[in-house]
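Colleague: Got a structure here, written out as structure tokens. Questions coming.
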Amino acid sequence: HITLGIESSCDETAIGIVADGREVLANVISSQIDIHTAFGGVVPEIASRRHLENINGVLSQALEEAQITINEVDLVGVTYGPGLVGALLVGVAAAKAISFAKDIPLVAVNHMHGHIAANYVEYPELEPPFMGLVVSGGHTNIVFVKDYNQCETLGETRDDAAGEAFDKVARVIGLGYPGGPKVDRAAKEGDPHAIEFKRVYLEPGSYDFSFSGLKTAALNHINSCRQAGKEINVADMAASFQEAVVEVIVNKAISAAREFGQNRIVMAGGVASNSRLREMIREEGEKYGIQVMQPRPLYCTDNGVMIACSAYYKMKKGEFAGPDLDAIPGLEF
Ligand code: ATP
Ligand code: MG
Ligand code: FE
């Protein structure tokens, strides 16, 4: 059974082709990072236009990579939210066109469920239930994944998402956009305890997060360095900031897994490719007999494979979309 998955929620035009929900036949990602870098972030109008220009080429490339024709596709899945409305609409329109022209069923995929589904191709034996940790550009969620595409959010961010915090602090310390990978790299040369950024746990027992204070703390640190005539050590700042974010995420995810009796934590989203997060959560997990699943970085950030995989399992439950499918920019988990 062959599923085609289309992703265009933000700045990646991506199409994946997956056999039987688990085997990757093609994974084509056209990133727009180069264009948006000039503006220090994603510009919605530019993103939509680029998706439109890219999508047909990405489709041809994906079919070529999978060595199939469009006639061999059995199902088409597409991200319908959350994301930028104009960007989402390009993928949704393309998916509807393929579904109509080839007379194959259409499935609407929640982008966040997609991120989790990336693990099903990376770990072919993995099945729900498990504890999910979704850390991305727009989300920081601890979710109890009860079944394919069925998640209960136990905690989420009250302000900035983890990825957003990385991007903001990167800008403050002059590392530029996109910040996550740059902070990750710079941190390797720094001392994670050079600056003790506050660890924000909120109320005892809460699985929610708050990262907005970190940007201000980083700014304050820079200002006090300047006033004292001291040089700013970018590597130390990156390492110290990263340690503060990662420590809170790891401790909350482990607590949630233990409270809900789960011995597996499944990571997803762009920040799940952070090397320190991957290392610390594995070490902590080991202490409590918790196995940690972490997709290769390629499958942590946005891709079409994860959408195809999620669509396959929705199809199995008989959840199809019709020609009236619309994008929902604010779609909840
Ligand atoms: P969402 O999935 O919530 O809609 P998104 O699709 O924009 O948001 P992703 O593509 O999953 O987010 O992830 C992008 C985010 O991941 C960016 O904020 C980026 O800085 C961050 N990121 C990527 N690599 C790393 C890394 N190595 N360390 C920390 N953050 C990273
Ligand atoms: Mg992106
Ligand atoms: Fe994403």
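Read the figures in this text as sums done on the coordinates, not as results from a lab. Everything quoted here is computed from the prediction, not taken from an experiment. Quick reminder, even Gly has a Cβ in these numbers, built from the backbone with ideal geometry, and neighbours come from all protein chains shown.
Colleague: Quick check on packing: order 53-64, 280-291 by the mean number of other C-beta atoms within 10 Å, highest mean leading.
Modeller: Going by the mean number of other Cβ atoms within 10 Å, highest first, we get 53-64, 280-291.
Colleague: Let me ask something else. What is the distance, in nm, between label points placed 7 Å from the Cα along the Cα-to-Cβ direction at LYS287 and at ILE328?
Modeller: Each label point lies 7 Å from its Cα, and together they span 3.9 nm.
Colleague: Taking the Cβ-Cβ separation of TYR201 and GLU45 as r and a Förster radius of 35 Å, what is the calculated FRET efficiency to the nearest 0.05?
Modeller: It comes out at approximately 0.35.
Colleague: Given the options ILE307, ILE173, ILE116, which has the most mean-square fluctuation in a GNM of the chain, springs set between C-alpha atoms less than 10 angstrom apart?
Modeller: Among ILE307, ILE173, ILE116, the largest mean-square fluctuation in the Gaussian network model of the chain belongs to ILE173.
Colleague: Sticking with this one: Taking 0.36 nm per intervening residue step and subtracting the Cα-Cα distance, what contour gain separates ALA97 from GLU72 on full extension?
Modeller: Full extension from ALA97 to GLU72 adds 7.4 nm.
Colleague: If contacts are Cα pairs under 8 angstrom and at least 6 residues apart, what is the relative contact order of the chain in percent?
Modeller: Reported as a whole number, the value is 26 percent.
Colleague: Let me ask something else. Are any of the pairs LYS188/LYS230; LYS146/LYS188; LYS230/LYS252; LYS146/LYS182 more than 28 Å apart by Cα-Cα distance, and if so, which?
Modeller: Result: LYS146/LYS188; LYS230/LYS252; LYS146/LYS182 exceed 28 Å.
Colleague: So what's the back-of-envelope 222 nm ellipticity for the chain, counting only DSSP H runs of four-plus at -39500 (n - 2.57) apiece and dividing by all residues, rounded to 500?
Modeller: Helix-only estimate at 222 nm: -14500 deg cm²/dmol.
Colleague: Note down, for the chain, the three equivalent ellipsoid semi-axes (square root of 5 times each alpha carbon gyration tensor eigenvalue), biggest first, whole angstrom. Could you put the intermediate results ahead of the total?
Modeller: Working: eigenvalues 246, 108, 50 Å².
For the chain, the ellipsoid semi-axes come out as 35, 23, 16 Å.
Colleague: Provide the FRET efficiency to the nearest 0.05 for the LYS316-GLN61 pair, computing r from the beta carbons and using R0 = 30 Å.
Modeller: Once rounded, the FRET efficiency stands at 0.60.
Colleague: Work out which helices of the chain, taken as complete DSSP H runs, extend at least 30 Å along their axis over the Cα atoms and score a mean Kyte-Doolittle of 0.5 or more, then list them.
Modeller: Helix filter hits for the chain: 234-259.
Colleague: What is the sum of charges around MET306, taking Lys and Arg as +1, Asp and Glu as -1, for the other residues whose C-beta is under 15 Å from the C-beta of MET306?
Modeller: Spelling it out: positives minus negatives among the neighbours equals -2.
Colleague: Cα centroids of region 293-326 and region 51-121: how far apart, whole angstrom?
Modeller: 9 Å
Colleague: Checking the a/c ratio against 1.5 first, then a/b against b/c, what shape does the Cα gyration tensor give for region 177-278?
Modeller: Working: a/c = 2.70, a/b = 1.75, b/c = 1.55.
It is prolate, given that a/c is not under 1.5 and a/b is the larger ratio.
Colleague: For GLY81, which sequence-distant residues (separation of 5 or more, or a different chain) have an amide H within less than 5 Å of its own amide H, given hydrogens modelled in the peptide plane?
Modeller: Excluding prolines and chain starts, which carry no amide H, the hits are HIS111, ILE328.
Colleague: Counting only Cα atoms, I'd like the Rg/Rh figure for region 33-160, Kirkwood definition for Rh. Please list the in-between numbers first.
Modeller: Working: Rg = 16.8 Å, Rh = 16.8 Å.
Expressed as Rg/Rh, it is 1.00.
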